[in-house]
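The values are calculated or read from the model by the stated rules, or taken from the named source; none is laboratory data. What you are looking at is a predicted structure, and each value in this text was computed from that prediction instead of being measured. Methodologically, a virtual Cβ is constructed for each residue, glycine included, from the backbone with ideal geometry; neighbour enumeration extends over all protein chains shown. The protein model used for the area step is the full one, side chains on, heavy atoms only, and it has no ligands, DNA or RNA in it. Shrake-Rupley method; radii C 1.70, N 1.55, O 1.52, S 1.80 Å.
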Amino acid sequence: MAEEQKSSSENVSRHQEVGHKSLLQSDALYQYILETSVYPREPESMKELREVTAKHPWNIMTTSADEGQFLNMLLKLVNAKNTMEIGVYTGYSLLATALAIPDDGKTLAMDINRENYEIGLPIIEKAGLAHKIEFREGPALPALDLMVENKSLHGTYDFIFVDADKDNYINYHKRLIDLVKIGGVIGYDNTLWNGSVVAPPDAPLRKYVRYYRDFVLELNKALAADPRIEICMLPVGDGITLCRRIS
């Protein structure tokens with residue numbers, strides 16, 4: 001009986017760990033996806049960065065391996081060349097982007113913490129991809145305001161990925177919609193927010209999950225009502241909403 005309880009406890013613990021980055025209810029099914037589709041095709045540089053990031057105390061912030069694979073494929077499908085990423089952490093999704101865009105492609109990467117980015121930078125450099133990345137340390141909103149003021153930058157980005165402070169997602173969208181081209185895509189990460197978007201008011205949620213949930217709900221409602229975009233919400237990782245600008 002004690003062994004059964006221990007096994008059950010281990011399963012719950014393992015599911016909580018995996019479940020943060022996957023909304024699949026079955027750990028075995030998620031593991032099947034990783035082992036069948038993701039890990040065998042994962043570039044060595046991405047594997048190395050994923051394993052280094054896993055040792056970081058804030059590893060919960062990283063993009064999941066299946067989402068990294070998805071972003072890499074998506075960028076190739078839309079022939080992205082000029083891209084932007086807001087929220088970099090150690091650079092796993094940034095590396096997926098740099099691998100996908102052509103050699104003369106560029107990605108503007110913004111984050112308030114250069115120290116975290118420098119964890120992944122040696123791996124990015126070893127892969128010969130650093131020349132594609134322009135990293136800017138500091139808050140993204142003031143930088144975006146300056147970019148929006150420059151009319152020559154309007155409609156110049158093929159793809160933009162946002163995985164940063166959820167309470168500013170709405171503010172990012174107000175600016176990014178001018179910078180992405182018509183036909184271009186903005187991807188907002190964590191739009192299902194640990195599944196909390198459908199949790200009852202009295203559900204036991206982690207403090208940070210509860211705090212940001214209302215901001216995520218506000219974003220999802222705003223994106224659904226925005227006539228300038230077509231949207232598709234996908235249960236990949238912690239949920240990603242793709243917005244294709246149409247006007």
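Being under 16 Å from MET233 (Cα atoms), in contact with a Ser or Thr (Cβ under 7 Å, 6 or more places away or on another chain) and not in a strand (DSSP E or B) holds for only one residue in VAL209, VAL216, and it is VAL216.
Within segment 120-156, being open to solvent by 20 Å² or more (accessible area, probe 1.4 Å) and outside any helix (DSSP H, G or I) holds for ALA127, GLY128, ILE133, GLU134, PHE135, ARG136, GLU137, PRO139, ASN150, HIS154, GLY155, THR156. Of everything listed in (1) farther than 20 Å from ILE240 by Cβ; (2) at pLDDT 90 or above; (3) open to solvent by less than 60 Å² (accessible area, probe 1.4 Å), the single unmet condition for PRO40 is (3). If you filter segment 101-119 down to residues that are touching a residue at least 12 places away in the same chain (Cβ under 8 Å) and of a type in the set (Asp, Glu), you find that the one that is least open to solvent (accessible area, probe 1.4 Å) is ASP111. Taking segment 192-206 as the range and being in a helix (DSSP H, G or I) and open to solvent by 30 Å² or more (accessible area, probe 1.4 Å) as the test, the residues that pass are ASN194, VAL197, VAL198.
Is it the case that ILE182 is open to solvent by 70 Å² or more (accessible area, probe 1.4 Å), within 24 Å of ASP226 (Cα to Cα), in a strand (DSSP E or B) and out of contact with any Asp or Glu (no Cβ under 9 Å at 6 or more places or on another chain)? Judged against the criteria, ILE182 is a match.
Selection over segment 221-233 of residues that are touching a helix residue (DSSP H, G or I) at 6+ places or on another chain (Cβ under 8 Å), open to solvent by 30 Å² or more (accessible area, probe 1.4 Å) and outside any loop (DSSP other than H, G, I, E, B) gives a count of 3.
Only residues that are more than 18 Å from MET61 (Cα to Cα) and in a loop (DSSP other than H, G, I, E, B) were counted in segment 106-119, giving 0.
Yes/no matrix, rows are residues, columns are (1) more than 16 Å from ASP189 (Cβ to Cβ); (2) modelled with pLDDT of 95 or more; (3) open to solvent by less than 10 Å² (accessible area, probe 1.4 Å):
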residue	(1), (2), (3)
LYS55	yes, no, no
TRP58	no, no, no
GLY68	no, yes, yes
LEU71	no, yes, yes
GLY91	no, yes, yes
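All of ASP189, ASP238, ASP163 fail the test of being open to solvent by 20 Å² or more (accessible area, probe 1.4 Å) and closer than 14 Å to GLY87 by Cβ, apart from ASP163.
Matching residues to (1) within 22 Å of PHE135 (Cβ to Cβ); (2) touching a residue at least 24 places away in the same chain (Cβ under 8 Å); (3) more than 12 Å from the chain's Cα centre (by Cα):
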residue	(1), (2), (3)
LEU23	no, yes, yes
ARG41	no, yes, yes
ARG50	yes, yes, yes
THR63	yes, yes, no
LEU77	no, no, yes
ASN82	yes, yes, yes
VAL88	yes, yes, no
LEU99	yes, yes, yes
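Could you please let me know if VAL185 is in contact with a Cys (Cβ under 9 Å, 6 or more places away or on another chain), within 21 Å of PHE70 (Cα to Cα) and of a type in the set (A, V, I, L, M, F, W, C)? Taking the combined requirement at face value, the residue satisfies it. In this structure, is ILE170 in contact (Cβ under 8 Å) with a residue 40 or more places away in the chain and surrounded by fewer than 17 Cβ atoms within 10 Å (Cβ to Cβ)? In short, yes.
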